[in-house]
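Data first, discussion second: the structure below is written as structure tokens.
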Amino acid sequence: MPLSRRTLLAASLAAVPALAAHRAAAQEDGQWRAVTGDNGQPIPNTRLPGELASEIGRLRGVTWIGPREASVTLYEFFDYNCPWCRAAARDLDDLVKASPDLRVGLVNNPILSVQSAQAAKVALAVQRAGGSPATAKLYAALLGPGTSGRIDGSRALEAAARLGHDRAAIEQAADSDEVREALTSQMRLAANLGLHATPSYVVGTAALLGYPGPRSLGRVLSNVAECDQIACAG
């Protein structure tokens, strides 16, 4: 399940200028809108260029949860070895149940380790085999309630096999050019958007850097539905 450091660095370095620009903008502005996390701390957020934000839905390999015709779409950029991503994954079912008009798009952004990238490649291979429903099950098996520990390619393959996938076929697909290109595209767009924290969220043209907690994220989504902003005036 190799994904070389060279490949990861190439994906990241290709977008360094845009990443630096967005980081500078976020540091200068602090918060584009006043959003407070469940812990009472401000959540960094920024406004994204619309043309870049619109590219997310066209990425190959996004795992979709929720109705296609939903009025609000939330993208989560995550890493399989990010502790806050695990916390967010455990809250995902309740979020979706509480927001029937919500569509969630899970996008791989394995910036923490090569092992994270290996797991992401397995997930993309599972998606090739079974679509978003299959990948959503793998995501839950790796990050859902009751899970812990480091996730790498081997552990992801074992989880895929337990879900009924052919391990050898998934491993072969995970090392394909198609999967490698899909992962590189996801990571490059995340960098271009300045999403240097995991998890990061994009809704409309707003990005939230970090997990605000289930109550805060629910409020953000309610605001988007009400006023098309992550924080409504008044």
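Overview of values
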| read-out | value |
| --- | --- |
| Restricting region 133-147 to residues that are within 13 Å of C85 (Cβ to Cβ) and of a type outside the set (A, V, I, L, M), the residue that is surrounded by the most Cβ atoms within 10 Å (Cβ to Cβ) | Y139 |
| Qualifying residue in region 192-205 (condition: at pLDDT 95 or above and over 23 Å from L48 (Cβ atoms)) | no |
| Some residue of region 195-209 being assigned to a helix (DSSP H, G or I) and touching a helix residue (DSSP H, G or I) at 6+ places or on another chain (Cβ under 7 Å) | no |
| Qualifying positions in region 181-219 - open to solvent by 10 Å² or more (accessible area, probe 1.4 Å), polar (S, T, N, Q) and closer than 22 Å to L112 by Cα | T184, S185, N192, T198 |
| Output for region 160-180, where each listed residue is surrounded by fewer than 22 Cβ atoms within 10 Å (Cβ to Cβ) and closer than 19 Å to D79 by Cβ | R180 |
| Number of positions in region 175-234 that are among the acidic types (D, E) and farther than 15 Å from A120 by Cα | 2 |
| Filter result (outside any helix (DSSP H, G or I), modelled with pLDDT of 95 or more and β-branched (V, I, T)) within region 108-148 | I111 |
| Conditions (1) more than 22 Å from A88 (Cβ to Cβ); (2) at pLDDT below 95; number of the one not met by A225 | (1) |
| Positions within region 153-165 being farther than 17 Å from A89 by Cβ, in contact (Cβ under 8 Å) with a residue 12 or more places away in the chain and not polar (S, T, N, Q), in sequence order | G153, L157, R162, H165 |
| Test: residue in region 41-64 that is at pLDDT 95 or above, crowded, with 18+ Cβ neighbours inside 10 Å, touching a helix residue (DSSP H, G or I) at 6+ places or on another chain (Cβ under 9 Å) and at positive phi | yes |
| Long-range neighbours under 7 Å by Cβ, at least six apart or interchain, first residue over 11 Å from T36 (Cα atoms) and among the small types (G, A, S) within region 213-234, second part of a helix (DSSP H, G or I) and open to solvent by 20 Å² or more (accessible area, probe 1.4 Å) | G218/L95; G218/A98 |
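Yes or no, residue by residue, for (1) more than 25 Å from D166 (Cα to Cα); (2) touching a residue at least 40 places away in the same chain (Cβ under 8 Å); (3) surrounded by 24 or more Cβ atoms within 10 Å (Cβ to Cβ); (4) touching a strand residue (DSSP E or B) at 6+ places or on another chain (Cβ under 9 Å):
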site	(1), (2), (3), (4)
R68	yes, no, no, yes
Y80	no, yes, yes, yes
L112	yes, yes, no, no
A117	no, yes, yes, yes
V126	no, yes, yes, no
A129	no, yes, no, no
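The values are calculated or read from the model by the stated rules, or taken from the named source; none is laboratory data. Since the model is a prediction, treat every value here as computed from it, not as a measurement. Don't worry about glycine lacking a Cβ; one is built from the backbone with ideal geometry, like all the others, and counts go over all protein chains shown. The accessibility values were calculated without ligands, DNA or RNA, using every heavy atom of the protein model including side chains. Shrake-Rupley method; radii C 1.70, N 1.55, O 1.52, S 1.80 Å.
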